Amino acid sequence: MDGWFFDMATPTESSPRTFAVLLLPGVCTSSGWGWVVRGIDGDRRQYGPLALTRRDAVHRAAPHFVTKEPDALVRAEQGRDGWVLHVRCVCALPRAAEQEFTDFATTATWLDEDCASRWRFCTSTPKRITWIDGAGRRSSGVVSGTYRHHTGWATISIIDDFGCHPKAFLRDLAPDAI
């Protein structure tokens, strides 16, 4: 990843907070790369959408710096095609349609109560994921899709850094996985 760090004074904090503006893969340009702003102080949340330039990413993210950080790791809303999970994103959700979870295991348990319902991540959720593979090694890749395992569990399809297509159960992800 290529990127820069910057500090931003916010009215809700007594000291400046540090952020990173990064060049990441996405769907912003024909090359599949775009700029995005993320928090770094234990906060991997994405602020604002992908942008074509570093400057645009910071300008689009600035209004989100003054909003209250969500207490929940995952927020869920009922979409037209099933459940939409918002992980560390800045999407505004109507309060009545919202479910909140502090970890992926609780989210998966709730989501899997109706094991036939479709689900996906929102478009603002970071797509980079890390997990512990079957050999106990830390692996990383990009989320390529979501589906249901034959057991009904919520499952994530990944393209890892070597071009392989492993799968991971939502319930097995660590809080900082995405």
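Give, rounded to the nearest 20 debye, the magnitude of the charge dipole that segment 98-138 has about its Cα centre when Lys and Arg contribute +1 at Cβ and Asp and Glu contribute -1 at Cβ.
Values: 6 positive and 7 negative charges, 94 e Å.
Charge dipole, segment 98-138, about its Cα centre: 460 debye, nearest 20.
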Worksheet, complete the sentence: Of the candidates 117, 141, 170, the farthest towards the positive dipole end of segment 71-178 (Lys/Arg Cβ +1, Asp/Glu Cβ -1, centred on the Cα centre) is 141
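Every number here is computed from the coordinates shown, using simple stated rules; none is lab data. Computed from a predicted model, the values in this text were never measured in an experiment. Quick reminder, even Gly has a Cβ in these numbers, built from the backbone with ideal geometry, and neighbours come from all protein chains shown.
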